[in-house]
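Here the structure is laid out as structure tokens; the discussion comes afterwards.
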Amino acid sequence: MTSPLRFAIIGCGRIAKNHVAPLAQLPGAKLVALCDLVAEKAHVYAGSHNLPVYANYHTMLLEEEVDVVCVLTPSGMHSAHAMDVMCRYRKHVVVEKPLVLAWGDLAKMKSTASECGVKIFPVYQNRYNKAVQKVRNDLLSGALGRPALGTVRVRWCRPQRYYNRDPWRGTWAMDGGALTNQGIHYIDLLQYLLGDVESVFARMATQLVRVEVEDTAVASVKFKNGALGVVEVTTAARPNDFEASISILAENGAAIITGIACNHLSTYTLDPSMTSLYSEEFPDAYGLGHWQFFRDVIADLTKGVPHPISFDEGARAIRLLNALYRSAENNHEVRLDESVTSLNLGRSDPKLSALYETQPET
Ligand SMILES: NC(=O)c1ccc[n+]([C@@H]2O[C@H](COP(=O)([O-])OP(=O)(O)OC[C@H]3O[C@@H](n4cnc5c(N)ncnc54)[C@H](O)[C@@H]3O)[C@@H](O)[C@H]2O)c1
């Protein structure tokens, strides 16, 4: 494809700013249109960039010349919206996390992309954090030696008013709980750093809010390489967000990445002088990784350089997520080589999905 690539956005809520800013500024990208069911939300971003706004994405894709569509709608709609865009309009799609909720939707999405000759780019922007890259490289090169234990800790604060903000939040059909919405980045990083998981045993509870999903999850993890892991993810921290951290204890030393979104390399025993070099300040928990993520999308589609986060890479966290839920549902250890899916995550709720479906205008 030729540069600049023309991008459009469906869903202009909280995460849209992290797409609009890079797409409006990166060489090789051109943001051409915005869409939200609530057009005023799109207007918030459109004004300063003088962009056309649509409330119906079919109309947008019929009227505008677009190469790539960013799907930033409620999580339970990602697969339906992305497949519609790929099938009907043959556009590449960038899909926010979580790529899908139900494990079964992954296969449908993958075959749709292949039949339509387009690509799916899943967003996991925290993979680009400097500290994460440093630790991954030193695990891959063997400098850190054999990993013994990986621990993820997400302690964020999401009170009832957060879940009350939109009908999709805190539901099994559209959102999933703390582990899915907030924890997925760090669930992804565990496998990104330590490799595939063999089995999990999880427990979950809804502690401090009235929602059907969990606000607190803990799990023990066994990796295929023999390392063990611990997951602690909660949105029941009060009164503020405290941390999203990951620590790796390995044969040759310890690496501890702390901060609001795994952005500070706070301990690095191999070379303590590296800690400041590989730490960065983030304006918020969304971080800065979308910029490099989009540079990689552009390089993939215009120069044929494969994106480092392929569809299959993106799918690994969804598989682990489903296994964690199934383990808590069955109160049992779950092996990932079994075909396990959560009984709740991504379950169908036609009334809720009807709120977010868009039919072509007649
Ligand atoms: N990468 C990250 O760190 C990160 C951070 C926040 C959110 N997200 C993900 O992004 C997605 C959106 O989250 P959010 O917090 O921005 O939610 P939000 O509710 O603020 O925004 C979603 C927007 O989608 C719009 N929408 C829904 N259906 C639509 C349709 N058919 N056509 C056009 N617009 C439609 C809604 O009107 C809403 O404005 C979620 O899946 C979430 O998990 C990712």
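Read the figures in this text as sums done on the coordinates, not as results from a lab. All values derive from a computational prediction rather than experimental measurement. Note: ideal-geometry Cβ built from the backbone for every residue, glycine included; neighbour counts use all protein chains shown.
Maximal additional length on extending the residue 238-residue 62 stretch stands at 58.7 nm, based on 0.36 nm per residue less the C-alpha distance. The mean sequence distance of close C-alpha pairs (under 8 Å, at least 6 residues apart), as a share of the length of the chain, puts its relative contact order at 19 percent.
The Kirkwood radius of region 1-130, taken over pairs of alpha-carbon atoms, gives through the Stokes-Einstein law at 20 °C and 1.002 mPa s a diffusion coefficient of 145 µm² s⁻¹. For the chain, DSSP calls about 55 percent of its internal beta bridges antiparallel.
Once every DSSP H run of n ≥ 4 in the chain is given -39500 (n - 2.57) and the sum is divided by its residues, what mean residue ellipticity at 222 nm do you get, rounded to the nearest 500 deg cm²/dmol?
-10000 deg cm²/dmol
Can you work out the PRE-style zone for residue 38? Point 7 Å along Cα to Cβ, and I want the residues of region 343-362 with backbone N under 20 Å. Counting backbone N atoms under 20 Å from the label point, the list is 351-359. Remark: the chain projects, on average over all directions, an area of 17.7 nm² (convex hull of Cα atoms).
Using the Cβ-Cβ distance between residue 251 and residue 108 with R0 = 41 Å, the FRET efficiency computed as 1/(1 + (r/R0)^6) comes to roughly 0.45.
Separation of the alpha carbons by more than 18 angstrom is noted, of 119/303; 17/134; 134/222; 30/97; 30/303; 97/119, for 17/134; 134/222; 30/97. For region 255-346, the set of GluC sites (Glu not before Pro) satisfying both a DSSP loop assignment and a count of at most 10 other C-beta atoms within 10 Å is given as 281, 338.
Which net charge results when you count Lys and Arg as +1 and Asp and Glu as -1 among the other residues whose beta-carbon is under 9 Å from that of residue 101?
-1
Note on residue 115/residue 312: beta-carbon distance plugged into 1/(1 + (r/R0)^6) with R0 of 25 Å gives a FRET efficiency of 0.90. Taking label positions 7 Å along the Cα-Cβ direction at both residue 333 and residue 351, the computed distance is 4.1 nm, reported to one decimal.
Segment residue 133..residue 146, full-extension length gain: 2.9 nm, with 0.36 nm per residue of separation and the alpha-carbon distance subtracted.
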